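Note sheet for the following structure.
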Amino acid sequence: MHVPYLDLGLIHSRIQKELDEAYHMVMDRQWFIGGKADEQFEEAFAAYCGAAYCVGTGNGLDAIRLILLAYGIGQGDEVIVPANTFIATALAVSFVGAVPVFVDASLDTFTIDPEKIEEKLTKKTKAIIAVHLYGRCADMETICRLARKHSLRVIEDAAQAHGAQVDGKRTGVLGDAAAFSFYPGKNLGALGDAGAVVTNDKEIAGKVRAYGNYGSHEKYVHMYKGCNSRLDELQAAFLSVKLRYLDGWNRERRRIAKEYTERIHNSRVVCPQIPKDEEEHVFHIYPVLVEERRSFVEFLGKHGIMTNVHYPIPIMEQGAYAEDKGQIINYPVTKRICKQEVSLPLYPGITEEQIELVIQCVDSF
Ligand SMILES: *Cc1c(COP(=O)(O)O)cnc(C)c1O
């Protein structure tokens, strides 16, 4: 038996007819940028998140960057970023000319450790980017309290957490503005690159739309030195189809994760905790920690089980950040995660037999 890490073909084959219809709808209209499909998806996704506004963007990295631009964050500013995240979070900050200030993760949740934020704040700090990593909400209550105390913006990087909830509120409305990615492998994925900004702030929504449209609110009138980062009609049409399945897929992801955590019993493999009822983790990734990572991955591979690592090298140790000296950084938890993390296969449609094989193999390692 083979267990792929993710099976997009399976997910898409089940909704093939609806995706075909979406394609034909756009082809019939022959209108590809800034039309009805975009408008409909933005409205549906804003409603899904419980937010007033959604603005489609070209990808998730741009969604973060456009929020920073809209808030006027740039040269001379600092932004708090978790050390344990995909590099896009930090790159967005660097791209606008601001400095990402890294804060270590909590070992219990893998998200930013809010206890370690305050010591990194300076007069230059403008915002905190809370990343809901692996599908789990960051500790937004503590982060928002800190932000209020120090007059900072809270930006959610919700690229891995479409539909995740705390106390009945979904990602997208847990801070001031949120960035989503619809990269194909995400919980809600397009059939190409796509992203969105979600917010209740009308002014920010308007600025994000303008910045992503050559700095223009009105054709050929340019308020800002913007860029081109828009959601196209085809992707919007596909996303509207897939959005209808998101809750079901997330429920399935949670069920699989629960099964892994409850049934894997191997003292050499540390499984993620399943949060209590008031919090809905959407398990974009199911991360386990294993000291002997290389042999573990090889062992699973020999049994036909594919895995991934999220992420092998801390951002501050990447060549891209080699010149950013001067930060005294201490990130033992992030270092441990980067050394020991292994992502097990988890996707809608994985069979009971496949789950069984994963559990048996992990236990027999
Ligand atoms: C995927 C991802 C992004 C970037 O999204 P793209 O659409 O690939 O640009 C940003 N942050 C996190 C945490 C991600 O996982």
Pairwise Cα inverse-distance average, inverted: Kirkwood Rh of segment 1-146 (Å)
18.2
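What are the equivalent ellipsoid semi-axes of segment 75-141, built from the alpha-carbon gyration tensor (square roots of five times its eigenvalues), in whole angstrom, biggest first? Each step should come with its number before you reach the end.
Working: eigenvalues 78, 38, 14 Å².
That gives 20, 14, 8 Å for the three semi-axes.
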Give, as a single signed number, the net charge of other residues whose beta carbon lies under 11 Å from the beta carbon of residue 280, with Lys and Arg counted +1 and Asp and Glu -1.
+2
Over the alpha-carbon set of the chain, divide Rg by the Kirkwood Rh and report the Rg/Rh ratio to two decimals.
0.97
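Given axes a ≥ b ≥ c from the Cα gyration tensor, I'd like to know whether segment 44-109 is rounded (a/c under 1.5), prolate (a/b larger than b/c) or oblate. Walk me through the intermediate numbers first.
Details: a/c = 2.21, a/b = 1.27, b/c = 1.75.
It is oblate, given that a/c is not under 1.5 and a/b is not larger than b/c.
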Please report Rg over Rh for segment 64-186, where both radii come from the alpha carbon positions and Rh follows the Kirkwood definition.
0.92
In whole Å, largest first, the alpha carbons of segment 138-292 cover along the principal axes 62, 42, 33
Against the globular-protein guess of 2.2 N^0.38 Å, express the Cα radius of gyration of segment 114-190 as a ratio, rounded to two decimals.
1.13
Modelled label reach - residue 298, point 7 Å along Cα→Cβ, segment 321-365 residues with backbone N closer than 15 Å
365
In whole Å, what is the distance between the alpha-carbon centres of segment 261-311 and segment 1-70?
29
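Please label the shape of segment 155-198 as rounded, prolate or oblate, based on the square roots a ≥ b ≥ c of the eigenvalues of the alpha-carbon gyration tensor (a/c under 1.5 means rounded; beyond that, a/b larger than b/c means prolate, else oblate). List each step's numbers first, then the result.
Details: a/c = 3.21, a/b = 1.72, b/c = 1.87.
Oblate, since a/c reaches 1.5 and b/c is not below a/b.
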Scaled by the rule-of-thumb 2.2 N^0.38 Å, the alpha carbon Rg for segment 215-314 gives a ratio of 1.65
Values of log10 I(q)/I(0), in the order q = 0.20, 0.22, 0.23 Å⁻¹, for segment 244-365 under a Debye, Cα-only, solvent-free model:
-1.13, -1.27, -1.34
Report, in deg cm²/dmol and to the nearest 500, the calculated mean residue ellipticity at 222 nm for the chain, where each DSSP H run with n ≥ 4 adds -39500 (n - 2.57) and the sum is divided by the residue count.
-11500 deg cm²/dmol
Along the chain, longest interval not containing exposed GluC sites (Glu not before Pro), exposed being DSSP loop plus at most 13 other Cβ atoms within 10 Å:
1-277
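No value in this document is a laboratory result; all are computed from the given coordinates. What you see is a predicted model; the values in this text were computed from it and never measured. Glycine also receives a Cβ, built like all others from the backbone with ideal geometry; neighbour counts cover every protein chain displayed.
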